[in-house]
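Each remark here refers to the structure printed beneath this line.
We did not get these values from a lab; they are worked out from the coordinates using the rules stated. Computed from a predicted model, the values in this text were never measured in an experiment. In this analysis, Cβ positions are derived from the backbone assuming ideal geometry, glycine residues included, and neighbour counts consider all displayed protein chains.
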Amino acid sequence: MDKRLFEILKKSKSAVFFGGAGVSTESNIPDFRSEKGLYHAKEVYGLPPEELLSHEFFMNSTEKFFEYYRENLVYPDALPNKAHIALSKLEEIGKLKAVITQNIDGLHQKAGSKNVYELHGAVSRNRCMRCRKFYDLDYVMSAPGVPKCECGGIVKPEVVLYDESLDERQINGALNAIMNCDTLIIGGTSLAVYPAAGFVRYFRGNNLVLINMQETPFDRNCDLVIHEKIGEVMNLTDEELEMLR
């Protein structure tokens, strides 16, 4: 782990992690908002991702939505990387109180994290829009065209589309965690997607850390900024873990 971050965590009693797409790119999940993702969406579908993943597009072009969704947002074989694993270990020893994520891949839970706030939902959860019956990811991925419930309703992924509101319970849990932590680590996000990005303004603790490959407008507000791969920065040795207990 980065020595500067290690020293901050050593003194911290209640850290919280707030992460974005960059946390999962090291698990080979591409960021659909990247230049490559933007180009692919326009080249193949003729629209930017924000339109393809909007509530309006889902309602009006449902089959096309699922075509794009299955190809670009679901990676069932992806595995947790060093960052996910380190965060899980930090929670296990009581250093990390919560993970707040904008990702929908469920990799934090796969790594063992328990207290996770998924601001934008998760691909693993899907419900019928008519009767609210639950369906898993396998059902949605294997269904031809638009996945349908046995009642005839459309099975919609519980992910937050553009023009949809965030889940109130996730918002309240995330804000409460941020307001009550002494260290907030922001990782793998340029803090450009609102309203989630605005959550960090509620932090009143001692150490604000930002780990991101590129510079962000928020860098100047942080106590520590690291422009490196988050998996390498967060990677914990067994010896370091023991020292943090």
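For region 126-245, just say rounded, prolate or oblate: build the C-alpha gyration tensor, square-root its eigenvalues into a ≥ b ≥ c, call rounded for a/c under 1.5, and beyond that prolate if a/b exceeds b/c, oblate if not. The shape class here is prolate.
With contributions of -39500 (n - 2.57) from each DSSP H run of at least four residues, the per-residue ellipticity at 222 nm computed over the chain stands at -9500 deg cm²/dmol. Taking packing as the residue-averaged number of other Cβ atoms within 10 angstrom, the listed peptides 89-101, 191-203 run from highest to lowest as 89-101, 191-203. Considering all different alpha carbon pairs of region 1-56, the Kirkwood hydrodynamic radius works out to 14.2 Å.
What does the charge count around V99 come to, taking other residues whose C-beta lies under 14 Å from its C-beta (Lys +1, Arg +1, Asp -1, Glu -1)? Taking every other residue near V99 into account, the sum is +1.
Counting lysine pairs in region 38-193 that sit 8 or more residues apart in sequence, or on different chains, and whose Cα atoms lie under 18 Å apart gives 15. In this structure, the amide hydrogen of Y162, modeled 1.01 Å from its nitrogen in the peptide plane, lies closer than 5 angstrom to those of S54, H55, counting only residues at least 5 positions away or on a different chain. Among the trypsin sites (Lys or Arg not before Pro) found in region 127-159, those both in a DSSP coil and sparsely packed, with 15 or fewer other Cβ atoms within 10 Å of their Cβ, are R130, R132, K133.
Computed from Cα atoms, the angle from the helix 168-179 axis to the main principal axis of the chain rounds to 10 degrees. Label-to-label distance, F6 versus I154, with points set 7 angstrom from Cα along the beta-carbon direction: 5.2 nm. The modelled label-to-label distance between E239 and R130, using points 7 Å beyond Cα along the C-beta direction, is 6.3 nm.
Here the Gaussian network model covers the chain, with springs between Cα atoms less than 10 Å apart; of C128, C181, C151, C151 fluctuates the most.
In region 159-219, what GluC sites (Glu not before Pro) fall in a loop by DSSP, with at most 16 other Cβ atoms inside 10 Å? Counting only loop positions with at most 16 other Cβ atoms within 10 Å, the GluC sites (Glu not before Pro) in region 159-219 are E164, E215. Using alpha carbon centroids, what distance separates region 176-245 and region 56-82, in Å? Cα centres, region 176-245 to region 56-82: 27 Å.
Relative to the current alpha-carbon distance between D77 and D223, full extension at 0.36 nm per residue lengthens the span by 48.9 nm.
FRET efficiency for the E63 to I171 pair, using the beta carbon distance and R₀ = 41 Å, is estimated at 0.85. Rounded to the nearest 10 degrees, the angle from helix 82-92 to the longest Cα principal axis of the chain is 70 degrees. Backbone phi angles across region 52-69, fed through the Karplus curve with coefficients 6.51, -1.76 and 1.60 (θ = phi - 60°), yield HN-Hα couplings of 5, 10, 8, 4, 4, 5, 4, 6, 8, 9, 4, 5, 5, 4, 5, 4, 5, 4 Hz in residue order; Gly and Pro are listed as x.
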